[in-house]
Amino acid sequence: MPRKTMIEAIRDAMDVMMDRDDNVVVFGEDVGFFGGVFRGTQGLQAKYGKSRCFDTPINESGIVGAAVGMAAYGLRPCVEIQFADYMYPAYDQIVSEAARLRYRSSGQFSCPLVVRMPTGGGISGGQTHSQSPEALFTHVSGLKTVVPSNPSDAKGLLIAAIEDPDPVIFLEPKRLYNGPFDGHHDRPITPWSKHELGEVPDGHYAVPLGKAIVRRQGAALTVLAYGTMVYVGMAAVTETGVDAEIIDLRTLLPLDLETIEASVRKTGRCVIIHEATRTSGFGAELSALVQETCFYHLETPVRRVTGWDTPYPYAQEWDYFPGPARVGRTLLETMEQ
Amino acid sequence: MTDYGPLTLHVPEPAVRPGGTPDFSSVGVPRAGSVARPEVNADPESIRDLAYSIIRVLNRDGKAIGPWGGLLSDEELLEGLRHMMILRTFDARMLMAQRQGKTSFYMQHMGEEAVSCAFRKALLPGDMNFPTYRQAGLLIAAGHSLGHMMCQIYSNERDPLKGRQMPVLYSSKEDGFFSLSGNLATQYIQAVGWAMASAIKHDTKIAAAWIGDGATAESDFHAALVFASTYRAPVVLNIVNNQWAISTFQGIARGGSGTFAARGLGFGIPALRVDGNDYLAVHAVAKWAAERARRNLGPTLIEYVTYRVGAHSTSDDPSAYRPKTESDAWPLGDPVIRLKNHLITIGAWSDERHKQAEAEVLDTVITAQKEAESHGTLHSGGKPSVRDMFEDVYAEMPPHLRWQRQQAGV
């Protein structure tokens, strides 16, 4: 099976869908001729023409607002916000418009729209190229929020997102574009060509939204992770020897609570890890749900390892980022209790 | 030491506040028929003056004058008069219903009836409006059921929107009326996107965006103009300048710009200003702009100069922020009376027939109201189901919402 980087897999998903469905259109800043600053749309304009893949003015509210109108018309826009950090001007269009259109019109209008955004840190991007705003989307009724962790899933999830009848926020951990990153920033990068999840099937396939996957079976403890943190969790497990079960959530909303419950009931311990800031982060929701559904199976309190509640710093990035050492300490503490 | 004195902040004020004598001397009103009518493919650079004048057709004597007149037959004008009369009567009944507690909230159109009623007649089936809350004439002139609108206002068991939206935030896909958000300006850019989609699909449909003078200050107004300009979207960009944004006079949003229409010029978008209380002028300008869109010539910006005679909504009292008699001083008159007088002047109408029509319209509206009220009002009778509260959040209900619906006991 061909191996691809995650950005190639994402491009492949859009290519497959643009080929299958004339209603799929792709646009955003630098997305057309140049093919996106991360090359996610490279070649699509040449292949499908300027009216289906094009550059936009630098106006995120305009990008998403226009896409809402197009989706209501019957198109399936898959738009790119250059960095998730730039999405705030579009937030009103996402929250008040895209997410509510089906509801407030009683189904007369709908909004089958995908908003792709590179997310997360690890690229020396400072506070404006490193944020993880997923909780700002999971808090909104009417949205679905997806965070893939590898090329194979990224393609299948993006295809499922484009085919979905409702708006989907598709957060792409940018540090994973070229290889699985485990938080050891001082070590050589492993490319996807050397990783089995870099194997991306050709053609059309969908990875259903709302289904998590167990990345590592384990008996001692459950780690809930998504995106880059899946690999940080793996590294922490390897380095501490804790026999943890690692669940890659893949879709944050709708959440696969069944898979989480089954695992925590088995292990009796749960550690939640994410890059985003701690307070009111998605980990808070996960923690509450685990407590509500698995309380009598828990042997220790649910713990979180997250980014600190500061703006994402530039020079102190690796003190901020919840790397394998920090995750590993919490795994051990949880086991010692 | 510096040569410069201390800086001061400029905060614009309306000409008059409550207690003062209304003054609209700053609204320059050109003679009817005095503004040229360019070809729809005219170079935008050559018609910049249209953004600073006011296109008018009906003069003080009730005659239709000049190049923007003569587009509508007597029958079409009589139909237009009837639409405006229905809207005015509908408003009066619903305001009363609000005072009777049958709904919590209402927004009337008094003085602005011509804008939405006349504009609608420039559209074709399949075109889509992205309206604000003061364009119910778009529905009425499309022949939409008054009863459906009332059931929405009453949030009763027949409310097409199942009780999810505040009164007057209608939605009708079949009558080209996009679901009203209630947020300001967000839908201006959506109209541009909808129009772009029509162009992408090589269809023939066009979109119409709507915004008030106050909301032009929103960033999404700028987003819409830059996208419309860049992609030459087949969209008509409407600004209804009714002088007041709740209590804020239009000068706060307009700032140092000469007119709201002039905002279009920097984007290379042809921009026209029109007498919003002149049914014939509104229709002619709307038709001109729609024609440009249909011929793939791109967007047009239209500023309707009008006056909000009533309160912003049932939740504010205008006498707290503007002179009570200001509407009497408004120099562009009343749209219903002006069209009525025109029809009488040309021999197509009479005072007697008008009185008779008023009675008929009232009867039509009351009949619809009784039928709507038989299905309930806000606090009595049939209500939308609580179970429906959980539907349509997504196409398919996800597990967490199913669980919450169970918790709610419905």
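Only the coordinates and a few stated rules stand behind these numbers; no lab work does. Computed from a prediction, not measured in an experiment: that's the story for all the values here. Methodologically, a virtual Cβ is constructed for each residue, glycine included, from the backbone with ideal geometry; neighbour enumeration extends over all protein chains shown.
Antiparallel DSSP bridges in chain B: what percent, to the nearest 5? Walk me through the intermediate numbers first.
Numbers: 5 of 27 bridges.
Looking only at bridges with both residues in chain B, the antiparallel portion is about 20 percent.
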Give me B:Arg48, B:Arg322 ranked fewest to most by other Cβ atoms within 10 Å of their Cβ, as a rough exposure proxy. B:Arg48, B:Arg322
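For chain B, what's the relative contact order in percent, using C-alpha pairs closer than 8 Å and at least 6 residues apart?
Working: 797 pairs, mean separation 98.2, N = 410.
In percent, rounded to a whole number, it is 24.
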Could you give the angle, 0 to 90 degrees to the nearest 10, between helix A:6-20's Cα long axis and the longest principal axis of the Cα atoms of chain A? 40 degrees
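For the residues B:Glu358, A:Glu97, A:Glu80, what sequence is obtained by ranking on other C-beta atoms within 10 Å, fewest first? Walk me through the numbers on the way to the answer.
Details: B:Glu358 13, A:Glu97 30, A:Glu80 27.
The order, fewest Cβ neighbours first, is B:Glu358, A:Glu80, A:Glu97.
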At R0 = 56 Å, FRET efficiency that the Cβ-Cβ distance of B:Ser46 and B:Asn183 yields, to 0.05: 0.95
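In whole Å, what three semi-axes, largest first, describe the equivalent ellipsoid of the stretch B:42-182 built from its Cα gyration tensor (square root of 5 times each eigenvalue)? Display every interim value, and only then the final one.
Working: eigenvalues 198, 62, 41 Å².
Sorted largest first and rounded, they come to 31, 18, 14 Å.
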Cross-link pairs beyond the 28 Å C-alpha cut-off, checked among B:Lys102/B:Lys340; B:Lys173/B:Lys201; A:Lys174/A:Lys266: B:Lys102/B:Lys340; A:Lys174/A:Lys266
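Hey, got a sec? Which GluC sites (Glu not before Pro) in the stretch A:245-334 land in a DSSP loop and have at most 12 other Cβ atoms within 10 Å? Spell out each step's value before the answer.
Values: sites: A:Glu245, A:Glu258, A:Glu261, A:Glu275, A:Glu285, A:Glu292, A:Glu299, A:Glu317, A:Glu333; in loops: A:Glu299.
Passing sites in the stretch A:245-334 are A:Glu299.
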Would you pull out the residues with amide H under 5 Å of B:Glu157's amide H, same chain only if 5 or more places away, H placed 1.01 Å from N? B:Gly382, B:Lys383
Sorted by Cβ neighbour density within 10 Å, fewest at the top, the residues B:Trp194, B:Trp68, B:Trp403, B:Trp244: B:Trp403, B:Trp244, B:Trp68, B:Trp194
Could you tell me the distance between the Cα centroids of the stretch A:50-69 and the stretch A:112-151, to the nearest Å? 19 Å
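Among the listed pairs A:Lys144/B:Lys205; B:Lys162/B:Lys370; A:Lys4/A:Lys47, give every one whose C-alpha distance is greater than 22 Å. Don't skip to the end; give the middle numbers.
Values: A:Lys144/B:Lys205 31 Å; B:Lys162/B:Lys370 19 Å; A:Lys4/A:Lys47 20 Å.
Over 22 Å Cα-Cα: A:Lys144/B:Lys205.
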Long-range HN-HN contacts of A:Val26 with modeled amide H, under 5 Å: A:Cys53, A:Phe54, A:Cys78
Between the stretch A:160-232 and the stretch B:203-282, the alpha-carbon center distance in angstrom: 46 Å
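Please list, by residue number, every one of the trypsin sites (Lys or Arg not before Pro) in the stretch B:167-241 that is coil in DSSP and has at most 16 other beta-carbon atoms within 10 Å.
Of the trypsin sites (Lys or Arg not before Pro), the ones in loops of the stretch B:167-241 whose Cβ has at most 16 other Cβ atoms within 10 Å are B:Lys173.
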Report for chain A the percent antiparallel among DSSP-assigned beta bridges with both residues inside it, nearest 5. 15 percent
Springs between alpha-carbon pairs under 10 angstrom, Gaussian network model over chain A: which of A:Gln108, A:Gln131, A:Gln82 fluctuates most? A:Gln108
For a quick check, take a GNM of chain B with Cα springs below 10 Å and name the residue from B:Ala207, B:Ala233, B:Ala245 with the largest mean-square fluctuation. B:Ala245
Euclidean distance between Cα centres, the stretch B:19-49 to the stretch A:283-310, Å: 65 Å
Give the long-range amide H neighbours of B:Ser34: residues separated by 5 or more places, or on another chain, with amide H under 5 Å away, using H modelled in the peptide plane at 1.01 Å from N. B:Arg56
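Using only DSSP helix segments of four residues or longer, with each worth -39500 (n - 2.57), what per-residue ellipticity at 222 nm results for chain B after dividing by its residue count and rounding to 500? The partial results should precede the final answer.
Numbers: 12 runs with 143 residues, N = 410.
Helix contribution divided over all residues of chain B: -11000 deg cm²/dmol.
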If you take the square roots of the eigenvalues of the alpha-carbon gyration tensor of the stretch A:213-336 and sort them as a ≥ b ≥ c, do you get rounded (a/c under 1.5), prolate (a/b over b/c) or oblate? prolate
How high is the relative contact order of the stretch B:278-340, in percent, counting Cα pairs under 8 Å that sit 6 or more residues apart? 35 percent
Chain A: angle of helix A:60-73 to the longest principal axis, Cα-based, in degrees nearest 10: 70 degrees
Loop only by DSSP, 15 or fewer other Cβ within 10 Å of the Cβ. Give me the trypsin sites (Lys or Arg not before Pro) in the stretch A:46-132 that pass, ordered by residue number. A:Lys50
Report, in degrees rounded to the nearest 10, the 0 to 90 angle that the Cα long axis of helix A:151-163 makes with the longest principal axis of chain A. 50 degrees
I need the phi-derived Karplus couplings for the stretch A:179-184: 6.51 cos²θ - 1.76 cosθ + 1.60, θ = phi - 60°, integer Hz, Gly and Pro marked x. x, x, 10, 9, x, 7
Could you tell me the relative contact order of the stretch A:256-337? Use alpha-carbon pairs under 8 Å, at least six residues apart, and round to a whole percent. 35 percent
When chain B is treated as a GNM, springs tying every alpha-carbon pair under 10 Å, which of B:Ile65, B:Ile211, B:Ile200 comes out with the largest mean-square fluctuation? B:Ile200
Mind checking the mean number of beta-carbon atoms from other chains within 10 Å of the Cβ atoms in B:389-399? 6
